Amino acid sequence: MPTDRVQFGKFVLDMCRYELTCAGKPIHLERIPMDLLILLVRQNGRLIGRDEIIEQLWGKGLHFDTDNSINTAIRKIRRALGNEPENPQYIETVLGKGYRFKGRAVSVPPKIETEPSRIMLVALPFENLSGDPAQEYLSDGLTEETIMRLGQMSPHRLGVIARTSSMAYKQTDKSVAQIGQELGVDYVVEGSVRREGNRVRITAQLIRVRDQTHLWAENYDRQLPGFLDIHGEIGTAVAVQVKLKLMAEEERRLTRNTAQNPEAYDCYLRGLYHLARYNLTDAQKAVDYFRSATERDPTYGLAHSALADALMVFPISGDASSTAVFREAKSAIALALQLNPNSAEAHTSDAAAKFWFDWDFNGVEVSARRAISLNENYTLAYLFLAHVLSNTRRHAEALAIMQQALVLDPLSLILGAVYGQFLYHAGRNSEAIEQFKVILGMEPRFWVGQICAAKVHEKERMYSEALTACDRAWEFSGGNTEALSIAGYVHAVSGNKAKAEATIHQMLDLKRERYVPPYNVALVFAGLQKSEAALQWLEQAFADRDVHMPFLLDHKWNVISRTPQFQELLSRVGFPSL
């Protein structure tokens, strides 16, 4: 192929920019389908076997279901190209052999930008060169802080890949070119941290992906605690090198929200390190560190909103009562917003609390959209905006928002799983199942993905698959009763009432030892069509501010959805009447 920009029919594939357009309009393709399309087009007519595809896209020695992943990728390519399998205009399947590109691809000149387009950048994990694993929090924390600063610098002109996808390349041996292609970025920031006593050396460099040119590098030698402003210096240097002229307000964003107390900042970085692991043990450590940060510096707004985020992990990801954390989380958010009304992080924490605790669905949308307006690179804001849209049946809007988030965080397991859940909410069950195959192929132990997969399998009456996913979710989550609840519901609707009732007894036994969300018990009673018991447990869930209540529009409640009590409950939670 003479150039890396080709046209076939009304489509243009720009391999350097990692972009597919149709009549000038961009078409979203996830990483694996895009890589496969590029591979097929580059070979222009040559038959490519599945083994070659696996080696080129994933490498050798993989153990997940690559056959299904290839099938899914081909299906997504065909959908993007409007290409039906029985009439293959562009992608031809040769049964038992592989695939070939059969369109006529012609080289076209590089795209000439009439106005500046959005630059895409990833800050890779800073390498810990201290030789001390205990300093890992420092390198990881600096990575996250650098991503945040770069992301809020000029978000409408500079797109910054989110932390989750960036951290997937920790200790990678992939080249800058490979990373750039996988993430669709123009520039890569690399760095390292070396700490010896109270001295810290931070190195950073900027590399242009298309030719691997090192545009800029700098060493920052600091005596602790003198690196609190380092992100602003890195951001300014990056802006100069990518020819991004910052306005006065954008320059101020580089130093906004900085800590005033070095000990508070150290606690904040340690808290971020544990919060990122998103399990109950680490969440408690994160809470303790964020509390310490706010005690040392009560004016540190980011520490207050991070404290709220850590507290919300317990009822959302574990079987904890909302009332145990509700007041402290809401108070922390109020302080964060008071200290910095223009913090995207604080507004996103506010959106999360309004979704899980307040059930103020209009308020969620307002807060999330405000956060996005402040930082278009902050993917958590997209997540909660999409969540409220999906849970209130605005499915097309929700899926479009999630696609924007996945451009910024394409390797995020949680975003990928939630996107699959929103496909399920929209009734696009076969697409949801394929999405969960991809996510669980990346990480089979990801219990949230297993829970979501169980839901769509139940809806499709794939009861055996649903129960297997529930068993895995129960094991990998360490005993989250939502897995028991869905399993009990599946037993009930598939006719095994004895096992459904045994599941209820199991949850009631657990309730003597720890908190069990009432919503989870109610769901099994709904599956057994015991409406009165289901409604009684839902009333308890309402009283407890159970975080599962925003999911009352799920089809599993159809058996009681027309009762006056359920309709009245929907209204009190904030949903319109059905």
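Bear in mind that the values in this text are calculations on the coordinates, not laboratory data. Because the structure is a prediction, the values reported are computed rather than measured. Glycine also receives a Cβ, built like all others from the backbone with ideal geometry; neighbour counts cover every protein chain displayed.
Under a crude label model (7 Å from the Cα following the beta-carbon direction), how far is D132 from E328 in nanometres?
Modelled inter-label distance: 2.9 nm.
Just one of (1) 34.7, 113; (2) 27.5, 89; (3) 24.8, 70 is Rg and Dmax of the Cα atoms in Å as worked out from the coordinates here. Which one is it?
Derived directly from the coordinates: (3).
What are the ³J(HN,Hα) couplings of the range 345-350, residue after residue, when phi is run through the Karplus curve with 6.51, -1.76, 1.60 and θ = phi - 60°? Round to Hz, x for glycine and proline.
The phi angles translate into 4, 5, 5, 6, 4, 5 Hz.
Would you calculate a helix-derived [θ] at 222 nm for the chain, using -39,500 (n - 2.57) for each DSSP H run of n ≥ 4 and dividing by the full residue count, to the nearest 500? Write down the numbers at each step before the final one.
Values: 25 runs with 315 residues, N = 578.
Calculated at 222 nm, the ellipticity per residue is -17000 deg cm²/dmol.
Note the full-extension length gain between D358 and T563 as 0.36 nm times their separation in residues minus their Cα-Cα distance, in nm to one decimal.
Numbers: separation 205, 0.36 × 205 = 73.80 nm, distance 2.39 nm.
Difference between extended and current length: 71.4 nm.
Could you work out how far apart the two model spin labels at E52 and M442 are, taking each label as a point 7 Å from the Cα in the direction of the beta carbon, and quote it in nm?
Each label point lies 7 Å from its Cα, and together they span 2.8 nm.
Sort the following peptides by mean Cβ neighbour count (other Cβ atoms within 10 Å, averaged over residues), highest first: 11-20, 487-496.
Values: 11-20: 18.9, 487-496: 21.9.
Most protected by this proxy first, the peptides run 487-496, 11-20.
Please go through the residue pairs K459/K511; K455/K499; K459/K497 and name each one whose alpha carbons sit more than 21 Å apart in this structure. Don't skip to the answer; put the middle values down first.
Values: K459/K511 28 Å; K455/K499 18 Å; K459/K497 18 Å.
Pairs exceeding the cut-off: K459/K511.
Name the lysines eligible as straight-distance cross-link partners of K330: C-alpha to C-alpha under 19 Å, and not fewer than 8 places from it in the same chain.
Once the sequence-local lysines are set aside, what remains near K330 is K354.
Once each part is reduced to its C-alpha centroid, what is the distance from the range 385-415 to the range 502-575 in angstrom?
26
Roughly how many nanometres apart are two label points built 7 Å out from the Cα toward the Cβ at R222 and T281?
The modelled label-to-label distance comes out at 3.1 nm.
Based on Cβ point charges of +1 for Lys and Arg and -1 for Asp and Glu, what charge dipole magnitude is obtained for the chain about its Cα centre, in debye rounded to the nearest 20? Let's see the in-between values first.
Numbers: 65 positive and 69 negative charges, 273 e Å.
For this selection, approximately 1320 debye.
Take each of the peptides 279-288, 445-454, average the number of other beta-carbon atoms within 10 Å over its residues, and list them starting from the highest. Provide the component values of the computation, followed by the final result.
Working: 279-288: 17.6, 445-454: 24.3.
Most protected by this proxy first, the peptides run 445-454, 279-288.
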